[in-house]
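The values are calculated or read from the model by the stated rules, or taken from the named source; none is laboratory data. Only a predicted model underlies this, so the values are computations on that prediction, with no experimental measurement involved. Because the Cβ atoms are built from the backbone with ideal geometry, glycine has one as well, and the counts that use them run over all protein chains shown. The accessibility values were calculated without ligands, DNA or RNA, using every heavy atom of the protein model including side chains. Shrake-Rupley method; radii C 1.70, N 1.55, O 1.52, S 1.80 Å.
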Amino acid sequence: MMLKKVLVVGSGGREHALVWQLTCSADVGKVYCAPGNAGIAAIAECLPIKEDELEKLAAFAEREHIDLTVVGPEAPLCAGLVDVFKSRNLTVFGPDRKGAQLEGSKSFAKDFMIRYGIPTAKAAVFTEEAPAADYIRGEFASGAKQIVVKADGLAAGKGVLVAPDCDSALKFLKGCFEGTFGKAGAKVVIEECLEGEEASILALCDGNTIVPLVSSQDHKRVFDNDEGPNTGGMGAYSPAPVVNEAVTRQIESEILRPFLKGIRKEKLYFRGVIFVGVMIHNDRARVLEFNVRFGDPEIQPVMRRFCGDWYDVLYKTATGRLSEAKLIWNERPAVSVVMASGGYPGHYEKGKVISGLAAAAATGAVVFHAGTACRNGEIVTAGGRVLGVSALGTDIADAIANAYAGVEKISFDGAFYRHDIGAKALKK
Ligand code: AMP
Ligand code: GLY
């Protein structure tokens with residue numbers, strides 16, 4: 001059999017974890033990544049094509065006879081990468097532009113959830129500031145303690161405020177309508193604030209079948225004990241004990257089944273992954289958001305635990321044969337700790353030399369690169385989230401200890417990380 005060629009689009013820790021698992025597949029002969037990063041370059045061929053250069057990506061896939069293209073981030077999906085690839089008969093993992101609206105428009109996602117009875121927070125949608133402001137005042141007047149204000153479109157993770165009081169909600173709202181998030185803020189979704197513990201459910205879907213991966217949990221706040229502003233995610237572990245058997249069943253019956261029904265009924269093209277962010281309270285999950293891509297860092301511990309043939313699974317999803325795919329998991333939990341640049345998620349400097357990567361690998365940790373680059377033969381920082389240091393363990397405490405043993409070997413100027421990744425799982 002001819003060995004397969006795969007193209008992964010993106011440049012973060014997520015893409016490194018996907019590439020890492022794809023290179024383990026016996027059927028795969030060559031992995032390309034566009035544009036990739038310094039860590040990915042060590043195990044795949046990185047291409048000087050940006051993730052938003054859809055035509056160039058498709059031309060490359062066609063010319064090189066790529067068997068499967070896997071899209072990491074949401075932006076190219078929302079821009080219609082899958083539509084471009086499909087029009088050239090190229091096999092690609094991801095939803096088309098319309099399906100990607102489940103992430104690209106929070107009001108589209110909300111309407112979809114309501115149509116199919118998927119449990120979620122009560123919400124209202126506005127295209128003008130004055131009625132939105134009245135609504136917010138009304139919610140606080142009738143006893144709301146907090147309210148969530150969301151720019152409708154993609155805003156690189158910055159378009160959501162969980163507002164502790166009316167004034168901050170109104171200020172954020174004003175920013176949305178004044179263009180802080182460009183077109184993404186021209187429509188605003190205002191939501192009831194849900195309480196509980198968050199978890200991430202990543203489920204493969206080919207339009208006929210939906211199959212959840214093992215559960216995981218992110219750590220969104222920048223500092224220990226969930227303090228400070230939200231980030232893209234400071235670390236993750238899998239499985240998440242909060243997703244117990246009862247919750248797993250409820251997610252299956254009240255969220256994933258109705259999701260699939262909606263996709264079919266509305267004839268949305270969805271051969272990729274649906275990432276359901278849920279809030280769990282009293283053993284019941286409600287949906288906070290849909291994303292149409294793998295979560296980062298969540299996919300890092302999930303990839304550490306995967307034991308099957310990842311190429312086969314993604315290829316079958318992309319070609320509508322997900323029901324035949326075999327998902328095999330290591331029982332052992334995994335943890336990934338993100339090391340970030342000083343100042344992240346605000347302003348940070350780049351170009352700091354990273355040392356200790358080989359020593360970290362020698363502990364048994366796998367270090368996924370996010371914002372890194374190669375400069376004169378040295379690996380340097382090139383983004384806010386720099387590395388994800390991941391490890392398996394006999395139990396969650398062991399996995400945490402193993403991941404931090406790797407972290408301690410690595411240094412770069414200004415490096416910081418959370419010290420409590422996985423702590424919530426230990427309390428269970
Ligand atoms: P989103 O992009 O919609 O997931 O929002 C980002 C983060 O804001 C989530 O991961 C939650 O931590 C928080 N969030 C969003 N919606 C709500 C809600 N309705 N209640 C409480 N927290 C929320
Ligand atoms: N870790 C959250 C996300 O990928 O959006």
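For region 114-173, chymotrypsin sites (Phe, Trp or Tyr not before Pro) meeting the loop criterion (DSSP other than H, G, I, E, B) and having at most 13 other Cβ atoms within 10 Å: none. The value of relative contact order for region 1-103, using C-alpha pairs under 8 Å at least six residues apart, is 26 percent. For region 165-173, the Karplus equation 6.51 cos²θ - 1.76 cosθ + 1.60, evaluated at θ = phi - 60°, returns couplings of 8, 4, 4, 5, 5, 5, 5, 5, 4 Hz by residue, with Gly and Pro reported as x. Give me the percent of accessible area attributable to carbon and sulfur for region 353-420, probe 1.4 angstrom. The computed percentage sits at 52. Residue-wise HN-Hα couplings along region 259-270, as the Karplus relation 6.51 cos²θ - 1.76 cosθ + 1.60 with θ = phi - 60° gives them from phi, are 4, 4, 4, x, 4, 6, 4, 8, 6, 7, 7, 9 Hz; Gly and Pro carry x. Report summary: the helix-based calculation at 222 nm, which adds -39500 (n - 2.57) for every DSSP H run with n ≥ 4 and divides by the residues of the chain, gives -8500 deg cm²/dmol. Around the amide H of LYS352, modelled in the peptide plane, lie the amide H atoms of THR381, all under 5 Å away and 5 or more residues distant in sequence or on another chain. Using a cut-off of 32 Å between Cα atoms, the listed pairs LYS50/LYS98; LYS4/LYS267; LYS30/LYS267; LYS50/LYS171; LYS56/LYS122 include LYS30/LYS267; LYS50/LYS171; LYS56/LYS122 as exceeding that distance.
May I ask you to derive the relative contact order of region 161-278, considering only C-alpha pairs under 8 Å and at least 6 residues apart, and to give it as an integer percent? Walk me through the numbers before you get to the answer.
Numbers: 141 pairs, mean separation 31.8, N = 118.
Once normalised by length, the contact order is 27 percent.
For a test of the definition: using alpha carbon positions, the gyration tensor, and the 1.5 limit on a/c, classify region 36-177 as rounded, prolate or oblate.
prolate
Less than 5 angstrom separates the built amide H of ASP218 from those of SER200, all sequence-distant by 5 or more or on a different chain.
Quantify, in whole percent, the carbon and sulfur part of the accessible surface of region 24-110 (1.4 Å probe; protein heavy atoms only).
Accessible surface attributable to carbon and sulfur in region 24-110 totals 49 percent.
Amide H to amide H, with H built 1.01 Å from N, LEU68 comes under 5 Å of LYS5, LEU7, counting only residues 5 or more places away or on other chains.
Probing with 1.4 Å while keeping every protein chain in the model, the per residue accessible area of the chain equals 41 Å². You can think of it this way: the chain between ASP52 and LEU3 has 14.9 nm of extra reach, that is 0.36 nm per residue less the Cα-Cα gap. Only Cα pairs under 8 Å and 6+ residues apart enter the sum, and on that basis the relative contact order of the chain stands at 16 percent. Based on alpha-carbon centroids, what's the gap between region 9-38 and region 82-134 in Å, whole number please? Using only Cα atoms, the two centres lie 28 Å from each other. Using the Cβ-Cβ distance between ALA42 and ARG137 with R0 = 41 Å, the FRET efficiency computed as 1/(1 + (r/R0)^6) comes to roughly 0.15.
Using R0 = 51 Å, the C-beta based FRET efficiency linking THR91 and SER168 works out to 0.65.
Spin-label model, THR127/ASP27: points 7 Å from Cα along the beta carbon direction are separated by 4.6 nm.
Residue by residue, region 365-381 carries 3J(HN,Hα) couplings of 6, 10, 9, 8, 8, 10, x, 9, 8, 9, 9, 6, x, 10, 9, 10, 6 Hz when phi is fed to the Karplus relation 6.51 cos²θ - 1.76 cosθ + 1.60 (θ = phi - 60°); x denotes Gly or Pro. By accessible area, using a 1.4 Å probe on protein heavy atoms only, region 137-273 has 52% of its surface on carbon and sulfur. Using bins of 10 Å that start at zero, the share of Cα-Cα pairs per bin across region 314-365 amounts to 16, 24, 25, 26, 9, in whole %. Counting only Cβ charges, +1 for Lys and Arg and -1 for Asp and Glu, the dipole size of the chain around its Cα centre is about 720 debye. Per residue, the convex hull spanned by the Cα atoms of the chain measures out at 139 cubic angstrom.
Highest mean first, the peptides 233-239, 83-89, 108-114 sorted by other C-beta atoms within 10 Å per residue fall in the order 233-239, 108-114, 83-89.
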